[in-house]
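> Submitted below is the structure of interest, expressed as structure tokens.
The values are calculated or read from the model by the stated rules, or taken from the named source; none is laboratory data. No experiment lies behind these values; they were computed from the predicted model shown. All Cβ positions, glycine included, derive from the backbone under ideal geometry; neighbour counts span all protein chains shown. When the accessible area is computed, the model is the full protein with side chains, heavy atoms only, and any ligands, DNA or RNA have been set aside. Shrake-Rupley method; radii C 1.70, N 1.55, O 1.52, S 1.80 Å.
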Amino acid sequence: MLPVEERLNTVLLAPEMCSLNMGLLNFFIRGEQVFFANHRSDIERFAREIASRNVKPELEVYNSAMLEEVAYLLSLDILWPPYTINFVLHTPTQGGQRGTPRNLFDMLERLDELPVPREDLRINVSSMGRTQLPITTIALAMGLNVRVGMEDNVVFRQGEPLENNAQLVERAVRTASELDRCPATPGEAREVLGLRGRERGQLPSGAERVVSR
């Protein structure tokens, strides 16, 4: 609900990576409808600010139609490969796709319609609530990357609330190991995602000084 200028604050600090939402959504939060404004002009402005600071965006895709916005953005040649796309399923929204295998497979098939080679894409999958474990397990079995955490899910299993994020991370690691998938080290992840990294204790290049009072 913040204006674009305030939503840019994180980008001004030049992190290695940040989210870039790829379309309009209507969230349902505590019984209220909250419009999530990501107009095409806003997306392009975010992308230019992100690219100017050598930050890698993760393109957040909540439904198959948002891949049309991804295609448009990539056609502008603002960003450079590899391109990371995160499929965010089962959000409490009007406009978001449910966390089902069919929806995941449909989104994956549509990647072939993007104006970039498939090998330039890095695909991440996240799914909310009770769909988190089955959908991320399917994604791991397919050789994709996954996101888990309490932003997406607050229950470890039925009737057992989570205590911390570590429980979900540890379960994802166990699942990956059973599928002969080896989690990447931070250095390996930076190489796969094309992140710039930085010297320990040093500010990232491109960051703007933030003064508090």
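> Size of the stretch 1-74 along its principal axes in angstrom, Cα-based, largest extent first?
Each principal axis gives a Cα extent; for the stretch 1-74 these are 38, 26, 19 Å.
> Now a separate question. May I ask you to give the solvent-accessible area per residue for the stretch 88-165, in square angstrom, as obtained with a 1.4 angstrom probe?
Working: 4200 Å² over 78 residues.
Value for the stretch 88-165: 54 Å² per residue.
> Quote the charge dipole size of the stretch 73-213 about the Cα centre in Debye, to the nearest 20; the model charges only the Cβ of Lys and Arg (+1) and of Asp and Glu (-1). Mind showing how you got there, number by number?
Numbers: 17 positive and 18 negative charges, 82 e Å.
The calculation lands at about 400 debye.
> Please arrange Val70, Val146 by accessible surface area, largest first, computed with a 1.4 Å probe and ligands excluded.
On the way: Val70 0, Val146 45 Å².
In descending accessible area the options line up as Val146, Val70.
> Could you tell me what percent of the DSSP beta bridges with both partners in the chain are antiparallel, to the nearest 5? Intermediate values should be presented prior to the final figure.
On the way: 9 of 27 bridges.
Of those bridges, close to 35 percent are antiparallel.
> Further question: Determine the gain in length on full extension of the stretch Asn165-Thr10; use 0.36 nm per residue of separation and subtract their C-alpha separation, reporting nm with one decimal.
Details: separation 155, 0.36 × 155 = 55.80 nm, distance 2.25 nm.
Taking 0.36 nm per residue and subtracting the Cα distance, the gain is 53.6 nm.
> Please list 3J(HN,Hα) in residue order for the stretch 59-74, calculated via the Karplus relation 6.51 cos²θ - 1.76 cosθ + 1.60 where θ = phi - 60°; whole Hz, with x for glycine and proline.
Whole-Hz 3J(HN,Hα) from phi for the stretch 59-74: 7, 8, 10, 9, 7, 4, 5, 5, 5, 5, 5, 4, 4, 5, 4, 5.
> Over the alpha carbons of the stretch 134-209, what is the largest minus smallest coordinate on each principal axis, giving the biggest first in Å?
Principal-axis extents of the stretch 134-209 (Cα, largest first): 46, 28, 17 Å.
> Might you report the magnitude of the Cβ-based charge dipole of the stretch 1-68 about its Cα centre, with Lys and Arg at +1 and Asp and Glu at -1, to the nearest 20 debye?
60 debye
> Here is a further query. By its C-alpha gyration tensor, with a ≥ b ≥ c as the square roots of the eigenvalues, how is the chain shaped: rounded for a/c under 1.5, else prolate for a/b larger than b/c, else oblate? Don't skip to the end; give the middle numbers.
Numbers: a/c = 1.30, a/b = 1.22, b/c = 1.06.
Rounded shape, in that the Cα axes give a/c under 1.5.
> Of Gln202, Pro183, Asn153, which is farthest towards the positive pole of the stretch 137-202's charge dipole, taken about the Cα centre with +1 and -1 on the beta-carbons of Lys, Arg and Asp, Glu respectively?
Value: Gln202.
> Over the chain, with every protein chain in place, what whole percent of the accessible area is carbon and sulfur at 1.4 Å, could you tell me?
Working: 6350 of 12390 Å².
Result for the chain: 51 percent of the exposed heavy-atom area is carbon or sulfur.
> For the stretch 2-79, give the share of DSSP beta bridges that are antiparallel, in percent and rounded to the nearest 5; count only bridges with both residues there. Intermediate results must be reported in sequence, preceding the final value.
Values: 5 of 10 bridges.
Antiparallel bridges: around 50 percent, rounded to the nearest 5.
> Given an 8 Å cut-off on Cα distances and at least 6 residues of separation, report the relative contact order of the stretch 1-84 as a percent.
Contact order relative to length: 34 percent.
> Follow-up. Starting with the highest mean, order 26-33, 191-198 by the number of other Cβ atoms within 10 Å, averaged over the residues of each peptide. Before the final figure, lay out each step's value.
Numbers: 26-33: 9.8, 191-198: 14.9.
Listed from highest to lowest mean packing, they are 191-198, 26-33.
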